[in-house]
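This report refers to the structure that appears directly beneath it.
The values are calculated or read from the model by the stated rules, or taken from the named source; none is laboratory data. Here the structure is a predicted model, which is why all the values come from computation and not from measurement. Only protein heavy atoms, including side chains, enter the accessible area calculation; ligands, DNA and RNA are left aside. Shrake-Rupley method; radii C 1.70, N 1.55, O 1.52, S 1.80 Å.
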Amino acid sequence: RDPFFGLHFAEAQVDAATFSIVGFVARSSRTYGEALERVARFSRVLNEAEEISLARERGHVVIGQNPRGAAPPWPRHKTESAMANYVVLGRRWTGSDWAPHEVCFRHAAPPDVSVHRRIFRYSLRFDHPRNEVRLDPAILAFPFPSFAPDLGAYLSQRADSLLSATGQ
């Protein structure tokens, strides 16, 4: 009955373990940008029905997370949790209180966006063609104090093996 379930879930319940090996590969990265690259690269290990993309577009870095192919749009709470994960975990893992430039959702705006504004702060777009978080590229260089090069290399090799096993 929580009208902000997805956002509250991302704030209170999500961490590296939520995303299995992909979460731990990301968590052991040198920077936020490296973590995002690893998530985009290995996301199919967790869910072949999702597409996670990372691109540069008009001076921004765009993180997209959307249903793959002709899959139907996700429920609002799943989408909001997915977009909030990038911001909440990014802040937590970098130890920096940054904000995205814009967060876009495929679904319509809910009647109350106060929690969205508290988490994302700036521009929110609803009824957008894709679910996206748009960032200043400088945020990609933010370091992870928990950087673990040996663990990251080992987990990346393991994730590569799992990805190969799925035929990707």
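Remarks
- Angle between the chain longest axis and helix 76-94 axis [Cα atoms, degrees, rounded to 10]: 50
- When the solvent-accessible area of the chain is split by element, carbon and sulfur atoms take up 54 percent of it, the probe being 1.4 Å.
- Each stretch of four or more DSSP H residues adds -39500 (n - 2.57); spread over every residue of the chain, this sum gives -14000 deg cm²/dmol at 222 nm.
- Under the Karplus curve 6.51 cos²θ - 1.76 cosθ + 1.60, θ = phi - 60°, whole-Hz ³J(HN,Hα) for region 161-167, x wherever Gly or Pro sits: 4, 5, 5, 4, 5, 8, x
- For the chain: accessible area per residue (Å², 1.4 Å): 50
- Note on region 58-168: Cα Rg divided by 2.2 N^0.38 Å, N the number of residues, gives 1.23.
- Gain on full stretching of the segment that runs from residue 50 to residue 70 - 0.36 nm per residue minus C-alpha separation: 6.1 nm
- With Cα atoms defining each centre, region 97-168 and region 1-66 are spaced 5 Å apart in the structure.
- Between helix 32-46 and the chain: long-axis angle, C-alpha atoms, 0 to 90°, nearest 10: 90
- Inverse of mean 1/r across different Cα pairs in region 1-111, Kirkwood, Å: 14.7
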